[in-house]
Each structure stands twice: as C-alpha cells, then as structure tokens.
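Here is the structure we will look at, set down as structure tokens.
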Amino acid sequence: ASFRRQVEVNLLGQAGCGLHALRRMIPQGGGAIVNVFSGAHAGSALRCAYSATCAGIAGLTYSWAAECKGSGVRVNAIAPIAATREIEETEHVLQRLATAGKVSGSFANLREKMKTLTPAMNAPMVVYLLSNAAAAVNGQALRFTGKELMLHTHPGVRSPILSDDEWTVEKIAEAFAGEWQDKLLPLGLAELEI
C-alpha cells in the first residue's frame, strides 16, 4: 500500500500535472515545465519505492523533452535538497543504514548539511529553467546541495560495446571478467567525469 501510494503521488501526480500543462503549451507554441525528482533515482537503499518514482520522473523529463523538441516547449527537472518533512524520512533511513554499518561519513555530512538548507534556496534553479534565459536548455536535470550546483547525466550505454554472432552464458561471463571488469558503475548516485 505504501509503495502504491508513493507511485500515485510522486510519479502519477507529476505525470498528470505535466500532461495537462503540455496540452495547453504545445498548441500555443511555447512553455516550460520543471519536474521535481531526487538523486535517489540512481538507487537508494531501503527506499526502493521512492527511488523508482524518482527514476520514473527522470524518464518522463527526458521523454517529454524529446517529444516536445521543436515545439517551443522545454522540459527539465531539478533534484532539490532542503530541510522539509522528507528530511525526517531520510534521517530514519540513514539511521537504519548506520545501524547496519552501511553508511559512510559522506552520508552523515549530507544529513547535517540538509538541516541548513531551506526550500527557498532552490528557487533560482526553478526561476532560471522557467525563464527565457534557459531557452536552449531542454531535457536536463539539475541538482543543488547548498553551495554546489550539479548537472545529472542521462542513462546511456557504456563503451566498449561488445559484438558476437552468438552470445552464451560463458561468453557473457568472459565479458564481465575481461573487457568490462573495470567498467561497472558504483551503486547509487555517483560523480562521473564524461
């Protein structure tokens, strides 16, 4: 029931609002939508429903941006961090992970940092993305952590792409032990240099 509720509120709620907005914006030849998601879209222990809805919102953003390209409508997303009621859930999850020995010092620092951030601190990201100054920005996702502004990457395919006429379990195992051995990504939100 909790999982379903999070999907209905977080994902379907935003999808419904966005669809209504798009139905008005596309015929008038312009507009901007800013979706709200979280860095949890990359996977967050003990928060699979929340993470799944955030990944869905990121997918909505990228899809709508591609569909609206050339229509004058732009769709972007932000992953804000602020001291809201959500921080209580985050603290609860971090405490459970700490008890299990799965929290690094960086998570503890994030928890303390979140307590000092206000929702209003995220306003410049939204105002910029809704303004004409962002006319060339479409299908992007920003994250703000107080003093740091980050640009999320889109999901993609990593190199090298391997080719074979007939893949077997053994050949796939060889790929992971060989050429892909150092290509696996870390779990959760990671900083990537691309």
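The values are calculated or read from the model by the stated rules, or taken from the named source; none is laboratory data. The structure presented is a predicted model; accordingly, all values stated were derived computationally and were not measured. Counting neighbours? That spans all protein chains shown, and the Cβs are built from the backbone with ideal geometry, glycine included. Note: accessible area is taken over every heavy atom of the protein model, side chains too, but ligands, DNA and RNA are not part of it. Shrake-Rupley method; radii C 1.70, N 1.55, O 1.52, S 1.80 Å.
A quick yes/no check of all residues on (1) in contact with a helix residue (DSSP H, G or I) (Cβ under 6 Å, 6 or more places away or on another chain); (2) in a helix (DSSP H, G or I); (3) of a type in the set (Gly, Ala, Ser); (4) open to solvent by 40 Å² or more (accessible area, probe 1.4 Å):
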| position | (1), (2), (3), (4) |
| --- | --- |
| Arg24 | no, yes, no, yes |
| Pro27 | no, yes, no, yes |
| Ile33 | yes, no, no, no |
| Thr61 | no, yes, no, no |
| Ala65 | no, yes, yes, no |
Boolean, Leu11 is of a type in the set (A, V, I, L, M, F, W, C) and surrounded by fewer than 18 Cβ atoms within 10 Å (Cβ to Cβ): no
Which of the residues that make up the stretch 112-135 are farther than 30 Å from Gly72 by Cα and open to solvent by less than 90 Å² (accessible area, probe 1.4 Å)? Lys113, Met114, Leu117, Thr118
So, in the stretch 133-164, of the ones that are at pLDDT 95 or above and more than 30 Å from Leu46 (Cα to Cα), which residue ends up nearest to the chain's Cα centre (by Cα)? Asn138
Would you confirm whether or not the stretch 39-47 contains a residue that is open to solvent by less than 30 Å² (accessible area, probe 1.4 Å) and either of a type in the set (Phe, Trp, Tyr) or modelled with pLDDT under 70 (or both)? no
Sole exception among (1) over 18 Å from the mean Cα position of the chain (by Cα); (2) surrounded by 14 or more Cβ atoms within 10 Å (Cβ to Cβ) for Gly16, by number: (2)
What tally of residues in the stretch 153-177 results from selecting those that are β-branched (Val, Ile, Thr) and not in a loop (DSSP other than H, G, I, E, B)? 2
Of all residues making up the stretch 136-168, the number that are surrounded by 13 or more Cβ atoms within 10 Å (Cβ to Cβ) and more than 30 Å from Gly31 (Cβ to Cβ): 1
